[in-house]
Every structure is written in structure tokens, then in C-alpha cells.
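Each remark here refers to the structure printed beneath this line.
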Amino acid sequence: MADVLKRVPVREQDPKVRATNFEEVCYGYNQEEAMEEATRCLNCKNARCIQGCPVSINIPGFISKVKEGDIEGAYKVIGESSALPAICGRVCPQESQCECKCIRGIKGDAVSIGKLERFVADYALEHDIKPEKAEKTNGHKVAVIGSGPSGLTCAGDLAKLGYEVTVFEALHELGGVLVYGIPEFRLPKQKVVKKEIEKVKELGVKFETNVVIGKSTTIDQLMEEENFEAVFIGSGAGLPMFMGIPGETANGVFSANEYLTRSNLMKAFDDSYDTPIAAGKKVAVVGGGNVAMDAARTALRLGAEVHVVYRRSEAELPARAEEVHHAKEEGIIFDLLTNPKEILVDENGWVKGMKVVKMELGEPDASGRRRPVEIPGSEYDIDLDTVIMSLGTSPNPLIASTTKGLETNKRRCIVAEEDNGQTSKAFVFAGGDAVTGAATVILAMGAGKAGAKGIHEALSK
Amino acid sequence: MYKILKAEKLAANIYLMDVEAPRVARHCEPGQFVIVKMDEKGERIPLTICDYDREAGTITIVFQPVGASTTKMTEMKAGDYFRDFTGPLGCPSEFIHEDLEELKKKKILFVGGGVGAAPVYPQVKWMKEHGIDVDVIIGSKTKDLLILEDQMEAAAGNYYPCTDDGSYGHAGMVTTKIEQLVEEGNKYDVCIAIGPMIMMKFVCLLTKKLEIPTVVSMNPIMVDGTGMCGACRLIVGGEVKFACVDGPEFDGHLVDFDNAMKRQQMYKTQEGRAMLKLQEGDTHHGGCGQCGGEN
Ligand SMILES: Cc1cc2nc3c(=O)[nH]c(=O)nc-3n(C[C@H](O)[C@H](O)[C@H](O)COP(=O)(O)OP(=O)(O)OC[C@H]3O[C@@H](n4cnc5c(N)ncnc54)[C@H](O)[C@@H]3O)c2cc1C
Ligand SMILES: Cc1cc2nc3c(=O)[nH]c(=O)nc-3n(C[C@H](O)[C@H](O)[C@H](O)COP(=O)(O)OP(=O)(O)OC[C@H]3O[C@@H](n4cnc5c(N)ncnc54)[C@H](O)[C@@H]3O)c2cc1C
Ligand code: SF4
Ligand code: SF4
Ligand code: FES
């Protein structure tokens, strides 16, 4: 018997090999490994892990099924709370959610809840285990805007209750950030995302791509002209921010969204697709979140030397610990406590470098983290040909500005109730990044669930 | 899927298509654009809406082969389908919100260059439909490249074709025609110029001198067209604007054209590679010295 304090290790692609390809980094558990890891769960009565999960998956419940080898049973338990487990098992920040609460974590490693969830979900995908469909529709029409995790979850839940749901998506592919943002090597598109979306389709949900709400039609028109009785807005927070420093419109400066969209959605890394990407030889990624890690690791795979330039220290990096660890293993260089001052541009308008300044940490700021302050006289230049700005995103004002009576706050987020998604406009609900600002997949799913509940209550009255 | 109802070659290097896209046709206005994508692996290509028929649910696009994707598009025929056709995107031209009586008092000059004649046409037609006669200058390299002549002639108050080589109409660039019209005593209240960036730049330099407020339609590189990527950013009046959501039409006297033109060059080398691959097809396996041999 292995050491119960240690989790069963998960197999991964060798860092040297994976730094040159877009295949998934982590292979996940096989059934034997999963069943062994499952035995580490103490099946706590008052399971603290559940409190850490935003959609309250019955974690000991599904793990005990894995322990028995009843994987289909385990999938049913997860399915009660989550519609996209193969995705959450891969991308949830488990170390700050379910796993950080696990009792095993006090003395040793927490149970590998995410990896177990992933195993169960992948098993269900491979064995074509389907969610249960509503027996018949109830005749009520609901529109969902956006096909990211919040929209997909809301649509799936409503379809299970018998609603006739149509999802409208602005882009040509479904999945939101899951397809255009998070790279293939972390979340395979064909094997995982497409298949999870197929399951939502099998519940009877209709999808219309290439429809930009606010341009192709509006929420008011959907309700008045196309007879949708309620609308859920899950349009995300897709608008990139820039720093406003000199040189930012030079060639070779990208938002992380553009860089990742070219690579993920338009598959620029694959020669058989037409979209070009300026790969870069020496790249700086400015920022320290998940998005920055994804952009950095994408640039690395396209053949560049990559520096992550972040103004605080390692402890404050907002990215998931696993991603930072993987990035380092692959050879990403971290220039911490460093902040850009200016992008240096050559005579043809291309990036040739960046002027940066060293920082030190001062008093805590509003976010509770210590505020970085410049060290006077510490400026220096670095040579670069590409800069990727990854400073966060905010919601697109398009929907709010074209919908009468829809209230937003000063961060441009749509105002909505947390427990049912109700907005300031009757029969219009919202959730996910469009309401909270950029957050996580599982929180967006939780908001989609709440929205479905709110819509069901409103239309059942 | 979006069906092509008509595909026509307008001139040596310019193509027109009518495409079935009822949602776009129901909501579009002059000045807006669409993004088309031919197939699974194609690029997202922004194109101005050149005409629309709300009843038939169709949109007319006019395009010029520039890179690999637009070159492949020239082979599409009536009956073929676009995989994706999104729109209308961008803001409608400002004049459609203006008070009609005020607008009627104005003397308006349209300037179109090359394929830019196509996006000028719906605006001229809109004016005609609202009882406003406008002056229209259309420039091209040579007579054979002039497009939509009959339509333009019918919709414009005065129509002035120009050719660089003097093979037809006014001999010379559109800017020399503007100067001539102004010298002849025409007083314009507003100029709307659409064409290659270099043309718009020179028109703006001239109209600034002549003190004619000028609107231009910018066509930077775009990816999503919804404000999500920032690829289309321009400097307008010292501020960064996203052409796909803040534009594509801007005050031409405030646009930083030099920066915009440099940004448009960004994919020159990669694009050259894609063209090479297209022309040589399966026979291109490196060693050409152009693409580093990795393709
Ligand atoms: C690169 C990257 C990496 C990330 N990594 C992680 C991670 O590891 N773990 C994690 O938990 N979270 C991660 N996140 C965050 C997570 O992906 C988001 O919080 C989540 O996707 C939000 O879901 P959503 O449904 O609210 O919106 P989105 O996923 O943004 O989906 C919104 C959808 O709405 C569409 N849309 C927008 N406007 C309109 C309109 N007007 N009409 C029609 N459709 C519209 C958009 O095209 C999009 O498809 C990451 C985000 C990024 C960008
Ligand atoms: C809002 C908007 C409206 C547009 N309307 C039209 C239209 O109605 N008809 C039309 O033919 N084109 C129009 N364009 C330009 C058209 O989108 C591009 O020509 C097209 O994307 C080129 O695609 P490609 O894949 O063939 O080449 P790409 O790979 O996009 O580019 C090939 C090369 O051509 C250059 N290039 C790209 N666009 C232009 C341009 N407009 N002028 C000069 N060089 C360029 C690029 O720098 C690049 O080096 C519009 C662009 C925008 C943004
Ligand atoms: S959904 Fe996320 S937080 Fe919840 S149990 Fe699964 S991995 Fe943990
Ligand atoms: S807290 Fe840990 S050990 Fe307890 S039930 Fe949850 S996963 Fe199992
Ligand atoms: S094209 Fe992406 S923001 Fe304008």
C-alpha cells in the first residue's frame, strides 16, 4: 500500500517534449489509479470539500462510487450538480476551492478531487453515457445569449425541465472562453469541449451561431418579435484592457485575447488553417493570471523564448498553482516585481523592446495584496519582438447599451441577483463573467444554474 | 450555412456576390459590415455591406482578392455556401441619425477608390431614396477596373469617374478631381471617402486644407469584429479606438493613417507564405527559400 498521505501521482507529458506540441499536458488517471486515489477519501460525514465547490458537488458521494468501481454511478452523482465535469475537472482552481478544504490536506496531500472528477467525466464521454432528457417540452421559449459555461449550463438545465431553448452565439464556434481562450494543451477541443456541448444538444437545445445580440437583433426584439418569454445573458467579459503606455499600437503588440483567439479558435498553429499568427522569437507576456500563463505557454509552443513580466511577487500570481508550475517546467522565464513603462518601436512600426522598471511591495491595497511601488532609477530595456498584454478583461457594453432598462454598475457589469440571476428588467436574467467580471468556469456554471432556476420560477408563476 | 444566390465578376479583379442572410438583411444600415468565413479552416474576412434587400433577406458584398482567403473566395459560385456570415457589425453611418431637413441643406461629396466604390454605393443610394442629390467621385487605375458605373450614375446627382492612366473620365487621382470641383466653385459641407488607406490619407490631407469635414471608413486587420481581440485598434484624435465597435467610420482628420498603414502590413510575410502554399499546392514542401522550409 502506498503512503496514504501522498496522492496517487498523475501521468504527464514530459516538459521538454510538450513544450513543442499542443497535445494535452496531463494524461489523467486510469481506472486503477483512480480507484486507488479514491480509497484516500475518508467519506467525511460533514464533508468540508463540498463547501469549497461553488456548485456543491456531492464529492464523497461520487468518490465512494469510484472506490467501488461504479463509474457510471459516480457520473450520475456529479451530473446532479454539474453539466460540464470533464471541463471543471481540468480547469477549476481546485487548490483554492474543493481541495483546499479537504481534511486530508491538513496532514499531507488533499484528495485529488479534480483529477477524479476528470476521470469519471472522461469515462462517461468515452462510453457515451448520456444525461437524461425531458420527456416532453412545456412549450415555453427561452433565449440564452452566449455559449460559454454559464450559457451552456443554463440552457442544459432549462432543457431538462422541458423548456424550448435557443442559444445565440456571436462567434462561429460554441463554447466561449472554453474554445477561444483556454488552449488545446489544457483543454482538448474535439475530445472534451465539443463532446460536452454535444450532450447539451442532445437535451434538445438549439444553437444559432453568428448572431451578435445588440447588432443582428436585440433582446427586446427577441422577446417582442420572436416570442421568447425569458432571456438569460451569459455574454462573458471579453473586452481586453491595455495599459495606455507609449508604443502600445505598434506591430507585435497583442492582447492575450487576440493571440489566443488566433491560436485556439482560428487554429493558426495548424498549417492547414488560413489564419496567420506572428509567433515571435522573444516574447514578453505582461500579467500574471491564467490568461497570461496560457498566452505564454502558447508562445513557447510556437517556438519563442518567453518572459512573464509581472509587477508583484510570485506569491501574488493570480494564476492556478498547477499552471505556474507547468509553465516553469516548460521553461517560461518569470520577470517578477517588474513593470512595463514603454514599448520601444523600430522605424517600421514593429516592437523592438520594452522599457521596464523594478518594483517592491509596499502597504496592502484595496485588494488586500501588498501594493507594488516603483524603485526609482531602476529602469532598464529588454529586447523583444512581441508583447502580449494580459491585464484582464471587462464586459462588452454592446448588450447593455441596446437593451432598454438593463442596469449595469460602474465596472460595466450587468447587475443581477446572485441566487436567481434576475436583472433590473423583467424576464431578463444574467450570470457568469458578464455579471461578476472575469472569474472562473465553475462560478459561471453556478450562475447559469441559478439563472435557470430563476427563469423556471418566473415562468411557472 | 449561407447560400450564395449570385456570383459575378465586376471587373478584372473585383467580384460581387448576393448572399442569403435574413437576420443581417433585416437589421443592417449603410456603413456597417459583415464577417464571412468560407469553410471550417478559412479566415474570418470583414467586408462592407454594399447593398441589402430586406424582403429577399439578402446582402450584397463586393471584394477584391488580396490574400489567400479572398483569392479562394473568387472560386465560389452561385449555389455554394459560406459556412459563416456574421453581422451587421460596426456602427451605421452617422448621417442616418441626422435630421433629414438639415441633411438636405448640406452639399455632400462622396469619394470612392478602387473596390471602395462598392461601400460608397449604398450610401449614395440611401441619399437618392431620401431625395438628396450628391456628388460622387470614383477613382480607379484604369477604365476596366471601374465598377458599378450604371448603378452609380443612376443614384448620384453628379458622377465623376477618374482613372490614373487617363483611359476614361477625368485623368488623374481622385484628389485632383476634388481640387478641380472646389476651384470651380463647389462648396462642400462634408466629404465621405472610402478606399485604400493611402487614398483616404491623401484625401484627408487635402480636405483638411480645404476645410471640408471628412468621414473615412477604416479597414484594419480584424479577427472577431465584436470588440473582443483589439486587433483592429487605431489611433483617432490621440485615443485608441476599436474600428469594429467604435467605427468603422471615423473623422478622417483625426485618424493617424501612418500608424494604421503600418499595422495593416503586419501579416505581410506570413501572408506571402500562405499565398505560396496556395499557388504551389501539394508541391510546396519547403526549399523555396521564402518560408524557411518549415511549411
Ligand atoms: C485564457 C483564459 C484562461 C482561463 N483559465 C481558466 C481556468 O483555468 N480555470 C477557470 O476556472 N477559469 C479560467 N478562465 C476564466 C473562465 O474561462 C471564465 O470565467 C468563463 O469562461 C466565463 O464563462 P461565461 O459563460 O460567463 O462567459 P464566456 O466563456 O466568456 O462566454 C461568453 C460567450 O458569449 C458570447 N457573446 C458575447 N457577447 C455576445 C453577444 N452580444 N451576442 C451573442 N453572443 C455573445 C461570446 O462570444 C462567448 O462565446 C480563463 C479565461 C481565459 C480567457
Ligand atoms: C470593416 C472592413 C470592411 C472591408 N470591406 C471590404 C470590402 O467591401 N471589399 C474588399 O474587397 N475588402 C474589404 N475589406 C478588406 C478585406 O477584409 C481584406 O482585403 C481581406 O480581409 C483580405 O483577406 P485575405 O485573407 O485575402 O488577406 P489577409 O490575410 O487579410 O491580408 C493579406 C494582405 O493584404 C493586406 N490587406 C488587408 N486588407 C487590406 C486592404 N483593405 N487594403 C490593402 N491591403 C490590405 C494585409 O496587410 C495583408 O498583408 C474590409 C476590411 C474591413 C476591416
Ligand atoms: S467542480 Fe471544481 S470545485 Fe467543484 S468539485 Fe469539481 S473540481 Fe472541485
Ligand atoms: S474532505 Fe477530503 S476526505 Fe473528506 S470527503 Fe471530502 S474529499 Fe473526502
Ligand atoms: S476585430 Fe477584434 S476587437 Fe475589433
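Sparsely packed loop sites in the stretch A:348-379 (the GluC sites (Glu not before Pro) outside DSSP H, G, I, E and B with at most 14 other Cβ atoms within 10 Å) comprise A:GLU379. Based on the alpha-carbon gyration tensor of the stretch A:233-361 and its eigenvalue square roots a ≥ b ≥ c, which shape applies: rounded if a/c is under 1.5, prolate if not and a/b is larger than b/c, or oblate? Rounded, since a/c falls under 1.5.
Using a/c under 1.5 as the rounded threshold, could you call the stretch B:99-217 rounded, prolate or oblate? The axes a ≥ b ≥ c are square roots of the C-alpha gyration tensor eigenvalues, and prolate needs a/b larger than b/c, oblate otherwise. It is oblate, given that a/c is not under 1.5 and a/b is not larger than b/c.
What net charge do the residues around A:MET389 carry, taking every other residue with its C-beta under 12 Å from that of A:MET389, with Lys and Arg at +1 and Asp and Glu at -1?
Its environment carries a net charge of -1.
Between B:TYR168 and B:GLN180, the simple spin-label model (points 7 angstrom out along Cα→Cβ) gives 1.6 nm. Surface composition of the stretch B:2-89: carbon and sulfur atoms hold 45% of the protein heavy-atom accessible area at a 1.4 Å probe.
Which angle from 0 to 90°, rounded to the nearest 10, does the C-alpha axis of helix B:197-209 make with the longest principal axis of chain B? Relative to chain B, helix B:197-209 is tipped by roughly 20 degrees.
Using the alpha-carbon centroid of each, what span in Å lies between the stretch B:88-113 and the stretch A:386-437? Here the two parts' Cα centres lie 32 Å apart. Interface area, chains A and B: about 3800 Å² of buried accessible surface, summed, with a 1.4 Å probe and ligands, DNA and RNA left out. Estimated from the Cβ-Cβ distance and a Förster radius of 35 angstrom, the FRET efficiency linking A:SER424 and A:LYS136 is about 0.55. The contact residues of the stretch A:164-189, meaning those that lose at least 10 Å² of 1.4 Å-probe accessible area when all protein chains sit together rather than their chain alone, are A:ALA170, A:LEU171, A:HIS172, A:GLU173, A:TYR180.
Residues of the stretch B:190-232 that bury at least 50 Å² of accessible area when the other protein chains are present, relative to the chain alone (probe 1.4 Å, heavy atoms, ligands and nucleic acids excluded): B:VAL223, B:THR226, B:MET228, B:CYS229. Residue separation of A:ASN348 and A:ARG369 scaled by 0.36 nm, minus their Cα-Cα distance, works out to 3.5 nm of gained length.
Ligands, DNA and RNA left out, the accessible area of chain A computed with a 1.4 Å probe is 51% carbon and sulfur. Would you tally the net charge around A:ALA434, using a Cβ to Cβ cut-off of less than 12 Å, leaving A:ALA434 out, and scoring K and R as +1, D and E as -1? My count for the surroundings of A:ALA434 gives +1. Helical runs assigned H by DSSP (4 residues or longer) give chain A a calculated mean residue ellipticity at 222 nm of -8500 deg cm²/dmol, each run adding -39500 (n - 2.57) before division by the residue total. I want the local charge near B:LYS6. Using Cβ-Cβ distances under 14 Å, sum +1 for each Lys or Arg and -1 for each Asp or Glu among the other residues. Net charge in that neighbourhood comes out at -3. Within the stretch A:245-265, the residues that become at least 40 Å² less accessible when every protein chain is included than when their own chain is isolated (1.4 Å probe; DNA, RNA and ligands ignored) are A:THR249, A:ASN251, A:GLU258, A:ARG262. Counting heavy atoms of the protein chains alone, B:ASP258 has an accessible area of about 80 Å² for a 1.4 Å probe. Distance from the Cα centre of the stretch A:292-356 to that of the stretch B:150-170, in angstrom? Each part's Cα centre sits 54 Å from the other's. Per residue, the protein assembly as shown exposes 41 Å² of solvent-accessible protein surface, assessed with a 1.4 angstrom probe and all protein chains in place. Taken one residue at a time, the phi angles of the stretch B:75-92 give Karplus couplings (6.51, -1.76, 1.60, θ = phi - 60°) of 8, 6, 10, 4, x, 6, 10, 7, 5, 9, 7, 10, x, x, 10, x, 8, x Hz. Gly and Pro are set to x. Multiplying the residue separation of B:LYS105 and B:LYS6 by 0.36 nm and subtracting their alpha-carbon distance yields 31.8 nm. Over what distance in Å are the Cα centres of the stretch B:126-149 and the stretch A:21-45 separated? Here the two parts' Cα centres lie 68 Å apart. Counting heavy atoms of the protein chains alone, A:TRP350 has an accessible area of about 80 Å² for a 1.4 Å probe. For the set A:HIS325, A:HIS456, B:HIS97, A:HIS307, the ranking by accessible area, highest first and with no ligand, DNA or RNA atoms included, is B:HIS97, A:HIS325, A:HIS456, A:HIS307 under a 1.4 Å probe.
Carbon and sulfur atoms: what percent of the 1.4 Å accessible area of the stretch B:99-217 do they account for? With neighbouring chains kept in place, the figure for the stretch B:99-217 is 51 percent. Using only the Cα atoms of chain A, build the gyration tensor, take square roots of its eigenvalues as a ≥ b ≥ c, and label the shape rounded, prolate or oblate: rounded if a/c is under 1.5, else prolate if a/b is larger than b/c, else oblate. Taking the square roots of the gyration eigenvalues as a ≥ b ≥ c, chain A is oblate. In chain B the longest region clear of GluC sites (Glu not before Pro) that are loop-assigned by DSSP and have at most 12 other C-beta atoms within 10 Å covers B:99-183.
The values are calculated or read from the model by the stated rules, or taken from the named source; none is laboratory data. Please read these numbers as outputs of a predicted model, since none were measured by experiment. Note: ideal-geometry Cβ built from the backbone for every residue, glycine included; neighbour counts use all protein chains shown. These accessible areas exclude ligands, DNA and RNA; they are computed on the full protein's heavy atoms, side chains included. Shrake-Rupley method; radii C 1.70, N 1.55, O 1.52, S 1.80 Å.
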